[in-house]
Every structure is written in C-alpha cells, then in structure tokens.
1. Quick check on my filter: what residues within segment 192-216 are over 21 Å from TYR349 (Cα atoms) and loosely packed, with under 15 Cβ neighbours inside 10 Å?
2. In the list ALA593, ALA582, which residue meets the criterion of being modelled with pLDDT under 80 and either in contact with a Leu (Cβ under 7 Å, 6 or more places away or on another chain) or of a type outside the set (Ser, Thr, Tyr) (or both)?
3. Among the candidates LEU146, LEU121, LEU196, which residue alone is within 25 Å of PHE317 (Cα to Cα), modelled with pLDDT of 75 or more and out of contact with any Gly (no Cβ under 8 Å at 6 or more places or on another chain)?
4. Can you tell me which of (1) in contact with a Cys (Cβ under 8 Å, 6 or more places away or on another chain); (2) within 30 Å of GLY208 (Cα to Cα) is the one THR308 doesn't meet?
5. Taking strands (runs of 3 or more DSSP E) that fall entirely within segment 905-996, which contain at least 1 residues that are of a type in the set (Lys, Arg) and over 45 Å from the mean Cα position of the chain (by Cα)?
6. Modelled with pLDDT of 85 or more and surrounded by fewer than 24 Cβ atoms within 10 Å (Cβ to Cβ): is that true of GLU601 in this structure?
7. Answer yes or no: is there a residue in segment 298-318 that is among the aliphatic types (A, V, I, L, M) and farther than 28 Å from GLY216 by Cβ.
8. Kindly establish whether LEU846 is aliphatic (A, V, I, L, M), closer than 13 Å to TYR765 by Cα and modelled with pLDDT of 90 or more.
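The values are calculated or read from the model by the stated rules, or taken from the named source; none is laboratory data. Note that the coordinates shown come from a computational prediction; the quantities given were computed from them, not determined experimentally. Don't worry about glycine lacking a Cβ; one is built from the backbone with ideal geometry, like all the others, and counts go over all protein chains shown.
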Amino acid sequence: MSLARRSVTPIMKKKASTQQGFPVAASDRDKALETALAQIERQFGKGTIMRLGDDNRPPIESIPTGSISLDVALGIGGIPRGRIVEIYGPESSGKCLTADTYVWTDRGLETVAEVFGRAGLPLSSTSRVTDVRDRDIRVVNEKGELEQVAALTHNGRQPVVRITVASGRQVTVTRNHPLRVMNDDGFIVWREAGQLREGDVLVSAAFGAVQAASGGGLSEDEAVLLGYLTAAGSLDPAGHVCFTTTDIETGAEFAALAEWLLDTTVTAVPGDGQVAYVLSDPAARHTLAERYGVDYAAAARIPQCVRTAGDKMQRAFLAALYTAAGWTDTSAAVGLRTASAPLAREVQYLLYGLGIPADLDRSHGNGQHPWAVTISPAAAPRFHTEVGFRTAQQSPQTGLHEPTPQVEAIPNLTGLIHALRDSIGDRAESTDDPFPAASGGAYDRDQVRRVIDWAKRRTDEAPATANAILGYLTQLTDARYTYEPITAVEDAGQQPTFDLMVPRTHSFLANGILSHNTTVALHAVANAQRAGGIAAFIDAEHALDPSYAEKIGVNIDDLLLSQPDTGEQALEIVDMLVRSGAISIIVIDSVAALVPRAEIEGEMGDSHVGLQARLMSQALRKIAGALNQTKTTAIFINQLREKVGVMFGCMHYDTLVTLADGTQEKIGTIVDRKLDVEVLSYDPETDRIVPRRVVNWFDNGAADHFLQFTVGRSGKPGGAQFTATPNHLIRTPGGWREAGELIAGDRVLVHEPHYLNEQQRQVVYGSLMGRGTLVPDRHGGPGVHFCMAHTAEQAAYLDWKVSLLGNIAHSRTAEASATVGVEFTPMPELSELHRVVDFGDGHTHLTWEFLKQLTPLALAVWYLDAGTLTIPQSGTDDDARVQIDVETLSPGSRQRLVEYLRDTHELDAAVVQQGADARSLLEFTPAATVRFLELVAPYVPESMSSMLLAQFRGRCSVTPEYSDPVQRLVAAPVLDIQVKPGSTRKFDIEVEGNHNYFVDGVMVHNSPETTSGGRALKFYASVRMDVRRIETLKDGTEAVGNRTRVKVVKNKLAPPFKQAEFDILYGVGISREGGLLDLGVEHGIVRKSGAWYTYEGTQLGQGKENARNFLRANPDMADEIEKRIKQKLGIPTGDDSAPAEEAAKDEAKAASTTKRTTRKTTASTSASKSAAPSTDA
C-alpha cells in the first residue's frame, strides 16, 4: 500500500508543541522530531537514539502486516494506527472428530471418511495437514451457506468423547472440539466438548439438505424404488430379491418401477396377509449392487447415491421408505421401524437436514425392528409438507395446522424476557399477556414473537439495553436451530481423528450439530515506511538483526533505533517520540527485557515482585492517550513465561506428593526441608509418567480456606485425598480447571497401573464372549474387576486361564453350588471395554471394532467357555458339529458374530434356538466345525482336549507372557469435596520441565504460561496476536522457513478470534505473494487448474513457487490482486484519495488560522491541555 506525497504549504508557520500529544502538520514535523531527539539526547546522552535520515512522510490509517491473510483476520487491513498492539506466542491445539461423522457438503450428506476419500486421502492415524482448495470441496456452515474447505487434517489417535442429545443423535469429538450450546443466560456460545455435562443444551441446525448442492445421477423413480427396497427388501431362501408389503397400491408401484428400471420380471407371491414381490432374475440383484450399492449381506443403510442425489430425490426416497415401513398413530405422530441402527441414524440426519426434527429410540420399536425414528405431532405437519406418504393408506385423514418455521422451543430465555419486560414497562393485561410462564425457561417461537411485538409497540420508551435484547430475540426466532439437552457424555476411548479446515466461519454441521512474533512487527515497520511514515524501534533485547530487517523490506537508513539501559528509559523514549506527533509506528522488543532501574541498580538477591508490572501500568496510562491523539501505533513484542507457584494455587501441609519411586511424602515436609527429590510427572511429549526433579519450594503463608477432595482410585477403599486452595489447577479430561470450579461427579486425571499385554487381552476378550464378566470397582475408582466362574469339573481349565494372567493380583472363591471363581484386582484399562460391551441390559454387546481385534486365542477361550462338540452316535467325525451358547449376547452381536466368522475365517454358522426355553446357540456346519477346531487347536490346553476331534489334540503351544505394569493417565470421578477452614500454611513446589506432579495419584499443576509485564498490557492493547509456528517448510531435506499461524485473541476494532496462516521464509520474511495466491484462489480471483495459476488470462506459473516468483517480479499485478481481494472481503484498500483530501482541508484550515494572535493560540493550547485524552487505546 502506498500513499501519494502531498505538497507542504509554506504559509503554515505554527510551531507544534511536543508536550500536548497532538499530531503536527507535515511542515513542522521535522522540527518537532528534532526537538524530541534533542531532548532525548540531553536527558539520556548523545547516541541514545540515532536519526539516520530525513524524509517528509504523511500519516497512515492502518499498517499492513505483510500477510494479506493476517490483514483480513485483523478486519481493518492491517495493524491500526493510534493503538497498542501486543504480539506473543503461546501454544494451541487442534480440534477433531471421527471418520463416521456425517457432514452436509456440496454433494449432499457425506461422512468425513467419504470427504477424505473424495480428496484422495486415506484414513490413516498419522498427523498431517493437506491443502485441498484445488479439489473444490465445500461444506454447509452454521449460516446455511456452502463454504470451501481449505484443508483436511489427520490428527492421529486422540481421546474422544461421545455426546448424546435428547433426540438420540450422537457426535464423537475430541475433548477440545468446540460445539454450540445455549448457556443458562439464553445466549448461544462455543464450548469445548470436554466441558459439557448432562443437561447442557446443544444447538443443532434444522437445515442442510436444501443448502447442499442439488446433486445428480439419480431419478425420482430410482429414489422411490430404493426407498421401498431399503424399507422392506430382503433375500428369499433362493437368493432372490423380494419386496413385502400389505398395501396393494404400494406393491403395484414397486412392481412397475422394478420392471421398468431393472428390466426384469416381478412375480407377486401372496402370503399370510401380505404379498411378496419377487425379482427372480439374478441380474436384478447384480444391478442393485453395482449401480446403487444395495447390499443385503450387510445392515440396511441409505445408499450413498441417495445421500448425494439432492434434496428432491431424498424427499422421494424418504416418502417411499415411510410408506413401506412407517406408521402413524392417533396423536398424529409419524414413525419408522427398522432393524438397522445405521439406517435409523441416517434417516434422522436426512430429516433434520430437511428441517424435520425426529427422535431416535427403541421405545416405539418391536422385537424384530427395535429401532424407531419418530416425528412428534408438532413436527408431523412439516413432514407431510416436505416428504409425505406415497399412498392414501397412511396419509393424514384430517386437516393439520400449517407448520411453523421451527417446532422446538427455545430454552433458558426467562431471564432475558423478564429483563426486557422490566426495562420497558409493566406486564401487559391478563387478556393479552405476552409473558406466559415457561417450563424451565423454554418458549416456543410464537410466544417469543408475541413478546417482540409487544416490545416493538413500546420502542419509544425502550432503553438501549432493551433494544439489544430485542435484536437478539429476533435473531433467535429467525434462526433455523433446534435446542436439545445432552443426555450422556461418554468417554469413547482413543480413536483416529480428523478435521475440516473451514477458513471463513470455522463452522460446519457434524451430524446436524454446530461444531469450530518479531517478524510480524518488522513487516509492519517496512509497510509503514513504504506508506511514507517514520518508524522507531526500541531494541531492549539488543537483538535486532539489521541485515534480516533490510531483507524483509525495512529501510534501515530511515529507521530510528534505540537500545535503552533500563525499562524506565525505554518507556520515556517511547513517550517522547509518541508526543512528537512525527512517528507512525514504534516497536518495543520486548516487554520481558524492560528491566526496572531498581532491579538493575539493586543488590543481587533482592526481591522485586510486581515491579515490572507496576512500571508497565504507569507507562501505558501515560502514553495510551497520546498514541490515540497522534495516531501512532505501538507494537509490544512479548514472550511466554511460566507463572511461579506463589502466584497460583497451593496445597495443605499434609497433602501427599507421589515420589519417583512410588512412595509418598507430605508437601509441607518437602518444602520445609527443601528436599532435593524427584516426583512423578506427566510428559505430554511422550505421553508417559516420568520422574522429574523439584527445582523450587514455596511456603506461601496462611490460607483463607482449603478444598478437600476425595477421588475414586482403583482398589483403594477410601479413594485418593488431597487438600488444595480453590485456585489450584487440577487436570481433567477436558483440560486444566481450577479446584473451585469442580464439583462432585466431575472427573480428574489420575495415574493408574496398566497390566494387560496383547495375549492377556485376548484371554479377557474370549472370556467376555463366554462366561467372563466385568464388574465396576466397588469403591468408585476407574478400574474394572475381571471375573471368571466355572464348574468344579473345569477347575483345571480355570487354573490354566489364571496362569496366563498370573502377574495380576486376584482372589479365588468356591461356592456350595460346586462353582469356582476368580476375581482380579480392578484394571483401569478395562473401563473403556466395559462401557462398550455392557449397556446394563443383561446382554453383552460386541461391536465390529471388538470383533476385528479377536485372534484364534480369544476364539478358543470363547469356545471352551461356552461351547460343546457333538458327534452323532451313528455318525463319524465328519458329522461333528460345534455349538456355542450365545444367549448372553445381544441379537445384533449374534448377527455380527456370524458375519465376522464368515468374512474373516470363512466359517459358516447360524444362530439357532434349541430347548424348551428356545436358547440361542451358534451352530457350525460340519465342514466349518473341522476348520474351526483346527484353527483353535494350538490354544486348547490338555485339560480341555475332549473339546477337540482326535486329530487335533495335543497341539497346545500357549505359554504365559507377562509384562511389567505401566503407569498411564485415566479419568477418575471426584467422589466428595469438603470446605476445610484455613488455619495452616499453604505450600507448593516447582517441577522441572513439565510443571505438573501428582498428589495421592491426582495430576495437579501450578505454573501456567503467561506473558510478562502484568495485566496492564492485556488491558490497554486494542489488538493481541497469538503467534505460533505450526510446521517447518523444507526444500528437500533443507529447512527453508516456517508455516505460521496467528490468532487474533483480542480485537477492539473488528470481530476477534479470527486466524491466519502464512509462510515465513528464512532471509525473506513473510511470503506476501504466497498469501495472495492462497486467498486469490479461495475467493475466485486467481484461477488454479492443475498446478497452473492464472490471473485474468495471464499465466502466473506452474506450481506455487513459480507463481510466487512471477508476482514478486511483477509487483503491479500483485498489488492489483491484493486490492481486489480486499475489496471483495470489505477490507480497507489504503486508497490515497481520502487522506489527500483530508490533508488539503488541514492545510486550508491552517492557513486561515495563521493571523490569530499569540494570546488566542496560548488560550487554545491551554484548553487543549485541559482536555482528558481517551485511554481506550
């Protein structure tokens, strides 16, 4: 950005005051600067500040940072003039979700896995970020707009939580993934998943299908046919596709569509109250599988071709689906029954995308079809309008009221609505009461609209607060959102995680739920100089590299440089330069190096607690107003520091710290004796519990009160106990939280020993499928008991299994019923498995992930636990059959087990019912029996050889394998919190490196990262930027730069919390041209085809590096692209016309005032001095 020079009017002779803090005219600026420089040299000595040249430069409104993406994130085209800016560099982390999450995209409803597949990216557990802007993948954001995905991220295996809402919808995300919630005050905010609790209200989008692209490749007739087959299609015993219905009209439509689309003959076969329409041609089944993806060997799902066909075809599919398998009841509710959970969830997501809220549960299902997708009577009118039934049999027989834009109530509005009422006037008459009582603070949209209408009739008497509430309520009624309480937040273990980078709104719909240093300063200096301004650099670090600064565009000859001796001197120089009115930008590098004079001149070992913070506070109060008056920008570069223990929480004397050898010592003893000991500490880099030295000890005096925590520990009857001050940080699954924020029932992280190796896990897996059980720790800890029980005749077999787990403590029981059992000590590594397999319904649930982990050892244990080998008396070994009792398994688990054995081991088996109680058994065919026994024979001990055919006996080769226990972090519940009066001292320690330690096994932390200089800079700064290096750029094996992310954490001039990413190349600085290419392609200004970049017909180059070099050699074209990008995004372009006109007006005004008397000038000056300058800099 450049500004035209303006002429200096000779008539302007007024002398500027350097004490008033007002900008001076261009003609007097040099004199004012000379005066300020002379004063600095008189006060601090010659050479304190160096003036390396003169130039006549106009002021500027904003200063570009050198990165257009950062200029966009700042919202005003750069760093603002007349404001304080802080640049620092803390750490951040990624937010991710699992691959089976559904998102609305430009193709329709796709899973994250399908989106990655579309970009040609495999689903791996490695961590990397891939730019996919050239793939033109778009997703529907929270505003209902299609937004381009800039990058796809693999984030490796991470701990995730599964969140379930009242409608039955679920989303599985990392604990730091932000989701939209309605807080208790009625406002929609972002909140991390790890902070959510049952009862919190999650915000969902009742849109997506229409906003997604129209799709293609599927006709309405095909969608209807697929809807019928998905609802009631099956395979008959001969392997033919058949469709069964009780409605003749539906059957006739199906037959006509099938004959026309599949070119086959349909045979109607009457049955018991229904008709089966059979497609006997094998080619029809092949066509359904190849063309439409209909696979009857797996659980029913919505074909992908339907999910990506556009909302019109999705409506047709749903209409056929509900016609064939749906129902209505006397309340006007509409429902769908199905045996397939994946189908039920996909149907629910489609309905929400069409604006039709629906519940997913089993309450309306039946034994054969346990899952039901139910649409409430309030939402049924929208269903009949948007989808409907295809036959008159199930269409509504009576008129229904017109659907409203949203059918769900808006919760937590009582406070806002009452505040609106109280700020405007009294409650209305009872005959027209717009303020009805609402259960739990929830109002339907019609009620809110009546409140809005009531308030609008009184706008003349409404204060500003009421107008703000009124505007917000209007937005809520217009928003197509639903609000559902969270019914469960479950730990879902560690899973591969992925993310979609959506740069503009940072939002998309996940299962329908709304889901979100010095180099920069030198570039700002260079851009200020290019615009004609004068720049100063206060180098308190004495670390400025002039050659590097020159390479990135700083005019060294014109740069004012000062290397002060003390913090006071540096800030006084800043004040004088600012008040001169001649400086456009001044950089202070860094706050940490602004050492107070008292600290420099004092004795070694003197304490100067808070001295630098007070210095910064005084200086900022003094210069903030002058910065605003003179339109000078001050950039403070800051560095991260660790808060010392004295500034944060502390522990009671008796709190036990876990030492490196596993023993414990009171923290008071460690501090009083300054024990040089090692404690256990968690290393986030290696994800291990490691020993670390104590490097500092703090006795922080008496405490007002303490909080005494009791936390569940595996096998520990009283639990873990520690006593801390309310502000001490405790590690939770969702991050660090102050002790005072926790309540009983919250979970914190503790270290627990993990015992099981892979062989031992297989023993546990096999036993759980058979006679083994998992029992939660009786003392509330995170561990789970593993229990086994067998008859006395199988005692030797039980001993064999116990020998494989021999390194784990256990106890034996023997009951009068001739049953022997074993119970193992609680094992925290089994807690996740317990949550997966035990739903509390009396059945064991086996997921596909569980089955995929099974080895022949687990299958052998399962067979020996619950199986029998039957050989007919008149038969041979070839007629033998293996039967395994699967009565304890859920029906779905039985079916998955059959499919697993068939697909993985090529074993044919089927579930049969035998006996008077129709007990479920898994029966193998004779051929499969032989193959199965051969598979498990190496894992069958001699004591159970009777379970094998003779030719397979004696093959057992299993030997016990033991591993040393490994300490791992696990989540444990807080059982109790008691307030303990503070009558004793409080203590803390500082731990080398990790800054965390364990108190009675619970992870605590007391030294969080912060920036130096106290709180004043955070308050006075108008803009605060968090700078982080996210990866190293390499050319082959040579590092050539860094990829940098900047987050605007505070912005008083534009919406904050926006992010920007750009490249910083060694010896070059911020790659401006690379940023222009990135944003140009994103916004359609630069065209990318393959590897070629083109602008307005001009080929910029093949590959980003060549295109970057072309723009660097053609700065006019780069400027033109930058201007178009800024215009499109509404960012100031730095047009010179306005400043020039303003300058002309200033000079004309100055000319008209030259005849004023000295007395008037003095009076004016005095009045100016008396004005209170604004400190909101």
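1. ARG197, GLU198, GLY199
2. Just a single option satisfies the conditions, and that option is ALA593.
3. When all the criteria are applied, what remains is LEU146.
4. (1)
5. Where strands (runs of 3 or more DSSP E) fall fully within segment 905-996 and carry at least 1 residues being of a type in the set (Lys, Arg) and over 45 Å from the mean Cα position of the chain (by Cα), they are 919-924.
6. no
7. no
8. Considered against the rule, which asks whether it is aliphatic (A, V, I, L, M), closer than 13 Å to TYR765 by Cα and modelled with pLDDT of 90 or more, LEU846 comes out as yes.
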